[in-house]
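First comes the structure, then the notes that go with it.
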Amino acid sequence: MRVLVTGGAGFIGSHVVEALEACGHEPVVFDVRDDPEADVRDPEAVARALAGVDAVCHQAAMVGLGTGFTDAAEYVSRNDLGTAVLLTAMAEKDVRRLVLAGSMVVYGEGRYTCARHGVVRPGPRDVTDLAAGRFEPRCPVCGEELSPGLVGEDAPVDPRNVYATTKLAQEHLAAAWARSTGGSAVSLRYHNVYGPRMPQDTPYAGVASFFRSALARGEAPRVYEDGLQRRDFVHVRDVATANAAALEADSAAGALTAYNTGSGEPHTVGEMATALAADHGPEPVVTGEYRLGDVRHITADSSRLRAELGWKPEVGFADGMREFARAGMRGA
Ligand SMILES: NC(=O)c1ccc[n+]([C@@H]2O[C@H](COP(=O)([O-])OP(=O)(O)OC[C@H]3O[C@@H](n4cnc5c(N)ncnc54)[C@H](O)[C@@H]3O)[C@@H](O)[C@H]2O)c1
Ligand SMILES: [Zn+2]
């Protein structure tokens with residue numbers, strides 16, 4: 001298959017390119033980083049790039065939590081306008097297969113249970129609670145502490161920041177495209193992706209990058225909140241093979257299918273900092289700081305991806321973090 005990989009010069013996209021080559025496919029990179037004219041918002045550039053293409057793997061996006069609300073228009077432009085332009089060109093060129101880089105951020109706080117009230121959905125986190133060090137979400141009915149569970153694909157969506165909103169809109173656009181063209185769309189809702197070539201820390205990077213960059217400077221990783229936030233850290237090579245599997249699968253036509261893409265092995269952010277610092281320290285410090293828009297816990301149930309696409313993560317937490325602690329990162 002000839003596959004257009006948008007964002008193919010990025011962290012995850014570059015690994016997708018390698019995974020596709022390893023499976024005998026022909027990836028074509030489309031990324032503004034490499035070529036200023038390769039912008040997904042440019043209808044003519046996209047139309048040219050789609051010539052002879054069988055499928056699109058759409059990784060291009062502006063990522064991270066950003067700097068507050070000020071870059072909202074840029075997120076919407078790159079992520080949603082970009083996706084709309086891409087899908088329009090695919091409809092015109094009759095390219096009917098799309099795999100989208102989705103995100104677990106669409107779930108917001110995810111799934112919790114109260115001992116008395118069963119499954120509940122805590123609302124947005126309150127600044128006074130966070131400032132007072134009350135990080136655990138509470139039951140909206142009785143105010144007791146909740147236990148976090150695994151989110152399935154059918155969990156209600158609840159984007160909590162601009163980036164999350166744009167990632168959800170990408171899925172809705174892809175679903176609308178699939179319905180009107182009969183194409184098949186798969187959204188791989190990645191959890192926290194880490195590994196070689198992860199970008200160095202900027203406001204747009206993920207937590208593993210912040211810690212890894214601090215260690216590279218000889219500084220202690222600064223762990224926000226109390227370090228007990230739970231995440232699913234999934235290795236970038238596993239995410240890349242999930243993309244290859246999704247591109248090869250016979251997915252439903254006329255619809256979008258979503259798959260959580262996680263390791264299935266939840267860890268706390270504090271554990272991740274400790275694992276990264278293990279070899280060449282300094283020990284992480286837990287600071288109690290917080291970022292508005294962060295969720296407390298979010299961990300995936302990725303069993304649908306395993307069952308339906310036969311995918312299986314190969315890189316475990318300890319091995320992956322050991323490798324990442326030494327791996328090269330990408331400069332800004
Ligand atoms: N890193 C994670 O943990 C994570 C988690 C969930 C989802 N995702 C998604 O995975 C995808 C890849 O993210 P990444 O972590 O590799 O980020 P990245 O910044 O390394 O890669 C994104 C690439 O997209 C390119 N790009 C941005 N705007 C573009 C445009 N308008 N036209 C063409 N190219 C453009 C950038 O140049 C960059 O190379 C994104 O869609 C992101 O939302 C990432
Ligand atoms: Zn309750």
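The values are calculated or read from the model by the stated rules, or taken from the named source; none is laboratory data. Computed from a predicted structure; not experimentally measured. All Cβ positions, even for glycine, are placed from backbone atoms using ideal geometry, and neighbour counts span all protein chains on display. All accessible areas refer to the heavy atoms of the entire protein, side chains included, with ligands and DNA or RNA removed. Shrake-Rupley method; radii C 1.70, N 1.55, O 1.52, S 1.80 Å.
Before we move on, is residue 306 part of a helix (DSSP H, G or I), touching a Lys or Arg at 6+ places or on another chain (Cβ under 8 Å), at pLDDT 95 or above and open to solvent by 50 Å² or more (accessible area, probe 1.4 Å)?
The answer is yes for residue 306.
Scanning region 112-127 for residues that are under 21 Å from residue 65 (Cα atoms) and not aliphatic (A, V, I, L, M), we see that the one that is surrounded by the fewest Cβ atoms within 10 Å (Cβ to Cβ) is 123.
Only one of 220, 185 is open to solvent by 10 Å² or more (accessible area, probe 1.4 Å), more than 13 Å from the chain's Cα centre (by Cα) and at pLDDT 95 or above. Can you tell me which? Lay out the reasoning, then the answer.
Working: 185 fails: open to solvent by 10 Å² or more (accessible area, probe 1.4 Å).
Exactly one residue qualifies, and that residue is 220.
I'm checking my understanding of the structure. Among residues of region 272-303 that are assigned to a helix (DSSP H, G or I) and free of Cβ contacts under 8 Å to residues at least 60 places away in the same chain, which one is nearest to residue 105 (Cα to Cα)? Talk me through it step by step, then tell me what you get.
Step one: filter region 272-303 for residues assigned to a helix (DSSP H, G or I), giving 272-277, 303.
Those left that are additionally free of Cβ contacts under 8 Å to residues at least 60 places away in the same chain: 274-275, 303.
Working: 274: 24, 275: 24, 303: 18 Å.
The extreme case among them is 303.
Within region 172-211, being under 16 Å from residue 56 (Cα atoms) and part of a loop (DSSP other than H, G, I, E, B) holds for 182, 183.
Restricting 92, 21 to those that are part of a helix (DSSP H, G or I), open to solvent by 20 Å² or more (accessible area, probe 1.4 Å), under 24 Å from residue 256 (Cα atoms) and more than 13 Å from ligand 1 (Cβ to nearest atom) reduces the list to 92.
Among the residues of region 66-73, are any modelled with pLDDT of 95 or more, within 18 Å of residue 247 (Cα to Cα) and open to solvent by 10 Å² or more (accessible area, probe 1.4 Å)? Among the residues of region 66-73, not one is modelled with pLDDT of 95 or more, within 18 Å of residue 247 (Cα to Cα) and open to solvent by 10 Å² or more (accessible area, probe 1.4 Å), which makes the answer no. Among the residues of region 135-162, those that are farther than 27 Å from residue 306 by Cβ and either away from ligand 2 (no atom under 16 Å from the Cβ) or in a strand (DSSP E or B) (or both) comprise 135, 138, 145, 160, 161, 162. No other residue among 48, 41 is within 13 Å of ligand 1 (Cβ to nearest atom) and not acidic (Asp, Glu) apart from 41. When 21, 26, 37 are screened for being without any contact (Cβ under 8 Å) to a residue 60 or more places away in the chain and over 30 Å from residue 314 (Cα atoms), only 37 passes.
Filtered by the rule that a residue be within 10 Å of ligand 2 (Cβ to nearest atom), farther than 18 Å from residue 299 by Cβ and of a type outside the set (Gly, Ala, Ser), region 107-132 gives 116, 117.
Can you confirm whether region 45-62 contains a residue that is among the polar types (S, T, N, Q) and either surrounded by fewer than 20 Cβ atoms within 10 Å (Cβ to Cβ) or in a strand (DSSP E or B) (or both)? Looking for residues that are among the polar types (S, T, N, Q) and either surrounded by fewer than 20 Cβ atoms within 10 Å (Cβ to Cβ) or in a strand (DSSP E or B) (or both), one finds none in region 45-62, hence no.
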